[in-house]
Amino acid sequence: IKFLSRKPFASSFVAIIINANYLTYEAQNALLKTLEEPPKFAKIFLHSDNKELLLPTIISRAFIINLNSEKIQAQKENNKEDLGKFWQETLSQSLGKRLEISTSITPKERQDALLWLKSQIIFFREELLAAYFKTQTDTSRISIFHTLQKLTKTYKYVKSNLSLKLAFDHLFINLLNQ
């Protein structure tokens, strides 16, 4: 965002921030300072799948254009609910049952495993951000954070060519230690 403070040679600057809802609280506050006094020659676009995860002061300074249809939004909410139920049930299972779940969901292809892990990381990241903007207990936030860390570590293992079965078993075994 610093480049916006410089005057352009010809036309105006354009800044596009994709997935602005993933910005940390500190990053959103820094962005807010720019939005409070935007340079005349700059245009700033924010993309967000969930505007509720943005600071209310950012939303109040933005012109909102809703590009999602209600059908797509409802589908996203259903997927989020399904993921929430899956993880609640999985985290409450015994070690043996978790290993069975691991075996049943471990993809055969590395690319599929990376996509699955990425979707889980995004889910838990949204949950963590939501937990900070809502009044949830520190225990809940810490649990979400630890699960997110373990998913990220598993993603790195899979990306570095570790056996998919071993990586997923490691994930589901270590979820017990929260």
TODO: Tell me which residues, restricted to region 81-95, are open to solvent by 40 Å² or more (accessible area, probe 1.4 Å) and either touching a Leu at 6+ places or on another chain (Cβ under 8 Å) or closer than 21 Å to LYS165 by Cβ (or both).
DONE: PHE86, LEU91, GLN93, SER94, LEU95
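Considering each residue of region 19-31, count those that are assigned to a helix (DSSP H, G or I) and open to solvent by 40 Å² or more (accessible area, probe 1.4 Å), and give that number. Break it down into steps so the answer makes sense when it comes.
Step one: filter region 19-31 for residues assigned to a helix (DSSP H, G or I), giving 20-22, 25-31.
Going one step further and asking which of them are open to solvent by 40 Å² or more (accessible area, probe 1.4 Å), we end up with 25-26, 29-30.
The qualifying residues number 4.
Here is a check on your reading of the model: is LEU114 exposed (fewer than 12 other Cβ atoms within 10 Å of the Cβ) and either under 24 Å from LEU164 (Cβ atoms) or charged (D, E, K, R) (or both)? Give the derivation first.
Details: exposed (fewer than 12 other Cβ atoms within 10 Å of the Cβ): no; either under 24 Å from LEU164 (Cβ atoms) or charged (D, E, K, R) (or both): yes.
Answer is no for this residue.
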Task: Hey, TYR157 open to solvent by 40 Å² or more (accessible area, probe 1.4 Å), part of a helix (DSSP H, G or I), under 21 Å from TYR22 (Cβ atoms) and aromatic (Phe, Trp, Tyr) or not - done: no
Open item on the list: Here's a check for you: in region 32-52, which residue that is open to solvent by 70 Å² or more (accessible area, probe 1.4 Å), modelled with pLDDT under 80 and not in a loop (DSSP other than H, G, I, E, B) is nearest to VAL14 (Cα to Cα)?
Closed with: LYS43
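The values are calculated or read from the model by the stated rules, or taken from the named source; none is laboratory data. Source: prediction; values computed, not measured. Please note: Cβ atoms are built from the backbone with ideal geometry, for glycine as well, and neighbour counts cover all protein chains shown. To get the accessible areas, we keep the full protein, side chains included, count just its heavy atoms, and leave off ligands, DNA and RNA. Shrake-Rupley method; radii C 1.70, N 1.55, O 1.52, S 1.80 Å.
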